[in-house]
Every structure is written in structure tokens, then in C-alpha cells.
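Coordinate-derived values only; no laboratory data. Worth saying up front: this structure is predicted, and the values here are computed from it rather than measured. Ideal geometry is used to build each Cβ from the backbone, glycine not excepted, and the neighbour counts take in all protein chains shown.
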Amino acid sequence: MLAPMKLSSIQLRRVETMPKQLEPGILYVSEEFETAAHLCACGCGSKIRTPLGPTEWSFHDSSKGPSLWPSVGNWQQACQSHYVIKDGTIIWHDKWTPAQIAAGRRREEISRAAYYEAMYAKQGWLFRFWKWLRKQLHL
Ligand SMILES: [Zn+2]
């Protein structure tokens, strides 16, 4: 069996809804539905979905090409590909060991928890401010 071609670059295509058939070398982004999808850059043909959002992947578009952060790790796929999409370039990373995958998941959970904590803290502050303001205005 021939080894599939590893891609070194990817182009952006903005869409409203994800097409059923994805073309290789294209990063499909729907900002409306806060999601991105592409075919695994190793050429194995598996579809990679990356939800976009403050606790998911972040997406940036520059004149050089699209960027996704953090890295894409296809741990559920046979290929176990791991890469970063930066300015339209695929930066290949080493495959992770199961221990590294578990550590990555833990880091993700911790940063997610920190995000929600910060958000609730901010809301708490706003709520206290509102109560104070109401008192000042004798509402
Ligand atoms: Zn792959």
C-alpha cells in the first residue's frame, strides 16, 4: 500500500453549512455555526471537525492563510496525525504517546474550568456592581 501524501499547506473556504464531501487541502469554516472541518492532512481521508469557540479551537484568517489553535490531534483515527495549522501551513508534530494524550486532555479540562470560573467571577462582579448602583439610585 502506498503511504498517503502528507499535505504541507491548506486553504481557507468560508461556508455557511458544511458540505457533505470535503476536498483535501481545504479548511472549511462556518463562523455562523462556529465550526470548522477539513480532511486529515495526512491524506487518510478522515473528516476532522473542530468546533470554534473560547474553550474550543480558535480560528484566525490572515493574508497568508488560515490558522487553527490548538493543534489538531487525530487520536481517534488510525493515522494518529498531529499538526498545527498556521498561516495556511501544516506544521507536523510528533505523534503523542497515550500518556501525552491524557496530559493534553487534562490541560484542556483545566483551561476550560479556568475559563468558566473567570466568566462566573466577572458575572459576580457585575451583579455586585448592579446591586451597589441600585442602592445609590434608590431603586
Ligand atoms: Zn490521517
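Worth pointing out:
- Along the chain, longest interval not containing exposed GluC sites (Glu not before Pro), exposed being DSSP loop plus at most 11 other Cβ atoms within 10 Å: 33-139
- As a proxy for reagent exposure, ranking Val29, Val72 by other Cβ atoms within 10 Å from fewest up yields Val72, Val29.
- Model label zone, Glu31; criterion: amide N under 19 Å from point 7 Å along Cα-to-beta-carbon; scope region 49-89: 50-70, 86-88
- Distance between region 96-136 and region 49-87 - C-alpha centres, whole angstrom: 22 Å
- Residue exposure sequence - His60, His38 - by fewest surrounding Cβ within 10 Å: His60, His38
- Ascending count of other beta-carbon atoms within 10 Å, so fewest first, for Leu137, Leu39, Leu27: Leu137, Leu39, Leu27
- Computed from Cα atoms, the angle from the helix 98-136 axis to the main principal axis of the chain rounds to 20 degrees.
- The length gained by stretching the chain between Gln100 and Tyr120 to full extension, at 0.36 nm per residue less their Cα-Cα distance, is 4.2 nm.
- Computed log₁₀ I(q)/I(0) - Debye formula, equal Cα scatterers, no solvent, region 1-133, q 0.15 Å⁻¹: -0.78
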